[in-house]
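First up is the structure itself, then whatever we jot down about it.
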Amino acid sequence: LELLNWGTFGGRVWTLRLDGQNSLLTGDIGSGKSTLVDAVTTLLVPSHRVAYNKAAGADSRERSLRSYVLGYYKSERQETLGSAKPVALRDFNSYSVILGVFYNAGYDKTVTLAQVFWMKETNAQPARFFAACERDLSIAQDFSGFGSEMIDLRKRLRSSGVELFDTFPPCGSWFRIARNASRAT
């Protein structure tokens, strides 16, 4: 699992390698355990089924896709308005990537799934696209250094053989087909 600018995991690529082993994720309250679980959930589950921060048993309104992409980490009291406003680590000019590389040793098959998020409108949820490939991709090599326009990243990914999708259902179908195709060979 690789993350770039997801929740409080910002500024560099964060990597969690399981290498086919079971793992136990532990840490203090607020250390990022639920953030990692939510990243995997976002990558593998249709957006209408994702319930953020459920691993921590939190209120469903506490976290959202927007709060993860912008990196909300605290609230500041607005004295003049008498309310609290979330404080973000990132602005609207940044982007976020969740990337998972899945390897099946029995079939010697590697599949990469990724989602890229960015803010198109100030008060809206983030825009996104899905990427899938039958080889090992990484954020540092494949999802960075493209400039500031998402269209340039999309062009670069397509030219390197990565399949792109605008919604989850065709990406999920691609994943199921790629997985089943590996069984047939």
Quick one: count up the residues across region 59-86 that are modelled with pLDDT of 90 or more and either part of a strand (DSSP E or B) or open to solvent by less than 30 Å² (accessible area, probe 1.4 Å) (or both).
7
Within region 11-58, residues crowded, with 17+ Cβ neighbours inside 10 Å and either farther than 25 Å from D166 by Cβ or of a type in the set (D, E) (or both) come out as W14, G32, S34, T35, L36, D38, N53
Quick one: what pairs do we get from region 152-181, first residue on the phi > 0 side of the Ramachandran plot, second crowded, with 16+ Cβ neighbours inside 10 Å, C-beta under 8 Å, 6+ apart or different chains?
G161/C133
Under 6 Å by Cβ, and 6 or more places apart or on different chains, what pairs join a residue from region 19-32 that is at negative phi with one that is not in a loop (DSSP other than H, G, I, E, B)?
L25/K33
Tell me yes or no: at least one residue of region 102-123 is free of Cβ contacts under 8 Å to residues at least 24 places away in the same chain, among the basic types (K, R) and not in a strand (DSSP E or B).
yes
Restricting attention to region 103-137, and to residues there that are more than 19 Å from the chain's Cα centre (by Cα) and closer than 22 Å to G161 by Cα, which single residue is least open to solvent (accessible area, probe 1.4 Å)?
K109
Which of the residues belonging to region 5-20 are aliphatic (A, V, I, L, M) and closer than 18 Å to F143 by Cα?
V13, L16
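The values are calculated or read from the model by the stated rules, or taken from the named source; none is laboratory data. Being a predicted model, the structure only gives us computed values, none of them experimental. Please note: Cβ atoms are built from the backbone with ideal geometry, for glycine as well, and neighbour counts cover all protein chains shown. Each accessible area value is taken on the protein alone, full model and side chains, heavy atoms only, with ligands, DNA and RNA left out. Shrake-Rupley method; radii C 1.70, N 1.55, O 1.52, S 1.80 Å.
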